[in-house]
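In what follows, a structure is listed as structure tokens, so that the remarks can point back to it.
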Amino acid sequence: GPTESDLRRYMVEQADHRRTAMLMDREAMYAREAWAFSMDRSSAIAAYVRTLEILCIDFPDFITADPV
């Protein structure tokens, strides 16, 4: 059967596995948050570009006019 040393090693390994799993979960959470932030920024930039395209079509003089 398992010795006392085997049981101690098992307890240490079990704690290490829990810590590793927690770190991996946290990394996955941060990656999801970063992805969501980049998607929000991408959508905002796309909307801004569409606005500029509309301005160029509807008000061509607005884009080429000298700044005041």
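Bear in mind that the values in this text are calculations on the coordinates, not laboratory data. This is a predicted model, so every value here is computed, not measured.
Structure notes:
- Each principal axis of the chain carries a Cα extent, and these read 87, 21, 8 Å when sorted largest first.
- Converting phi to 3J(HN,Hα) with the Karplus coefficients 6.51, -1.76 and 1.60 and the offset θ = phi - 60°, the stretch 46-61 yields 4, 5, 5, 5, 4, 4, 5, 4, 5, 4, 5, 6, 7, 9, x, 5 Hz in sequence order, with x at every glycine or proline.
- Sequence-ordered 3J(HN,Hα) estimates for the stretch 10-22 from the Karplus curve with 6.51, -1.76 and 1.60 and θ = phi - 60° stand at 4, 5, 5, 5, 4, 5, 5, 5, 4, 5, 4, 4, 5 Hz, glycine and proline given as x.
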